[in-house]
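In what follows, a single structure is set out as structure tokens and then discussed.
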Amino acid sequence: MANTKSAKKAIRKIETRTAVNKDRRSRMRGFIRKVEEAIASGSKDAATAALKAAEPEIMRAAQKGVAHKNTASRKVSRLSARVKTLTA
């Protein structure tokens, strides 16, 4: 248990930051899921639109420190490659 005033404040800040990061990560995963579902449905237009919405969200998560930059780039790259293979 925290004894000092600064340690108690640090705990409050960590809880807030954890909640924010959890929301950001969840939001990113939701966008990725939408792309996955569009790919599974076989609709190239829907998949392209979902990817276009997901890419900035994934990169924003990386910029905010929720995901590593290379991880975010890899996810975008793999999703776009899968969307590309779909036939119209």
Report the Stokes-Einstein translational diffusion coefficient (µm² s⁻¹, integer) for the stretch 1-43, Rh taken as the Kirkwood radius over Cα pairs, at 10 °C with viscosity 1.306 mPa s. 124
Binned Cα-Cα distances of the stretch 44-88, short to long, each 10 Å bin given as a whole percent: 30, 48, 20, 2
Tell me the volume per residue, in Å³, of the convex hull enclosing the alpha carbons of the chain. 86
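Every read-out reported here was derived from the displayed coordinates using simple, explicitly stated rules and does not represent laboratory data. Model, not experiment: these values are computed from the prediction.
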